[in-house]
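Read through the structure below, which is laid out as structure tokens, and then see the notes.
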Amino acid sequence: MMAEILRGDSVSQAHEVVVVGSVNADLVIGVRRRPAPGETVLGSDLATYPGGKGANQAVAAARLGGRVGILGRVGDDGHGALLRAALAGAGVDLSHLLVTEGPSGVALITVDPGGDNSIIVSPGANARLVPADVDRARPMLAAASVVSFQLEIPIETVEAAARAAADAGARVVLNLSPPAPLPDGLLALCDPLVVNEHEAAFLLGHRGGPADLAKELLGRGPRSVLITLGADGALVADAAGVTAVSSPKVEAVDTTGAGDAFTAALCLRLARGDDLADAARYAARVGAAAVRRPGAQSSYPDADEELPA
């Protein structure tokens, strides 16, 4: 039998950003190189961090000074307690963070010496976030300026929540991660659709130059598109054309969760009225700050931290 418990205080004011998404424990091991099939390699001590693409975005936006809420699920295990505490500590509204019997989501992450990572996700409680949960959270969604989504929760829940947010006048931002086919109706709500080059190629069925990919994606129906390019910044595409956004040059320690920091900063600035290109420029600085420290949420800058220029 599934237990549902609401944690946190009731919504007292409109949120700038509401995140609908996953909440995971990140189990991280540093490796000299990734193992080949059938091979065993030695790694560092295991470190456990609060993570999940949804929780990462919520924490990053809250640390930047945003009023942030989250709709998600965690398990009633030790990981769930860690995850709730991390979100609450960042100031995220937990009114619609549900606690489910069973395990929380877990991400198994290896990080190489260059800071690049490989990730396997066990959804756990995230797989139990259903459209009925969206119905109960409609007041929070309706009061948000921007609602952010990823794809570590069931696609039918993403679709229901995106429709509810759009119907209420909120701006829908969707990060196609992990990549999965999108219904045309959901794609049409995205403003922007946020992808990296691999995710763009997955959705289109072929590779190409970033500008060409951005234009082709825009032709598929989203209101705007943003392609992240790692250390090379990003491209934004909308009805006005394609704009390149540079990223500050920093020494990368760990890229885990950097894309979530980027998307969170993007959402917060869009909620505060920036146009897409200006929001992306700020987001690139926040993402660059995040790769300078290990972990995901532990690497995110506070509102008063000087960002790389």
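Bear in mind that the values in this text are calculations on the coordinates, not laboratory data. Given the structure is predicted, the values throughout are model-derived calculations rather than measurements. Note that we place each Cβ from the backbone using ideal geometry, even for glycine, and neighbour counts take in every protein chain shown.
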- Message: I need Val147, Val225 ordered by Cβ neighbour count within 10 Å, fewest first.
- Response: Val225, Val147
- Message: Check which residues have an amide H placed less than 5 Å from Cys190's amide H, if you skip close sequence neighbours.
- Response: Arg223
- Query: Residue farthest toward the positive end of the dipole of the chain, with Cβ of Lys/Arg at +1 and Asp/Glu at -1: which of Asn24, Leu151, Leu108?
  - Reply: Leu151
- About the Cα centre of segment 39-151, how large is the charge dipole given +1 on each Lys and Arg Cβ and -1 on each Asp and Glu Cβ? Please answer in debye to the nearest 20. 560
- Within segment 167-309: Cβ-based charge dipole about Cα centre, in debye rounded to nearest 20 (Lys, Arg +1; Asp, Glu -1): 140
- Note on the structure: In the neighbourhood of Asn196 defined by beta carbon distances under 14 Å, the net charge of the other residues (Lys, Arg +1; Asp, Glu -1) is -3
- Task: Using the charge dipole of the chain (Lys, Arg: +1 at Cβ; Asp, Glu: -1 at Cβ; taken about the Cα centre), state which of Ala279, Gly124, Leu193 has its Cα farthest towards the positive end.
- Result: Ala279
- Item | Cut-off under 5 Å, modelled amide H: who pairs with Ala137 long-range | none
- Using the count of nearby Cβ atoms within 10 Å as a rough guide to exposure, how do Tyr282, Tyr300 rank from fewest to most? Tyr282, Tyr300
- Comparing Ser118, Ser22, Ser95 in a Gaussian network model of the chain (Cα, 10 Å), the one with the largest mean-square fluctuation is Ser118
- Message: Please give the charge dipole size of segment 17-299, origin at the Cα centre, charges +1 on K and R Cβ atoms and -1 on D and E Cβ atoms. Round to the nearest 20 debye.
- Response: 500
- Item | Listed values [x] 146; [y] 130; [z] 188, entry calculated as volume of the Cα convex hull per residue in Å³ | [y]
- Per the helix-only calculation at 222 nm, which mean residue ellipticity applies to the chain, given -39500 (n - 2.57) for every DSSP H run of n ≥ 4 and division by its residues, nearest 500 deg cm²/dmol? -9500 deg cm²/dmol
- Mind listing the phi-derived Karplus ³J(HN,Hα) values for segment 94-108, rounded to whole Hz, using 6.51, -1.76 and 1.60 with θ = phi - 60°, and x for any glycine or proline? 9, 4, 10, 9, 8, 10, 10, 4, x, x, 6, x, 9, 10, 9
- With Cα springs under 10 Å, the Gaussian network model of the chain assigns the largest mean-square fluctuation among Arg136, Arg128, Arg223 to Arg136
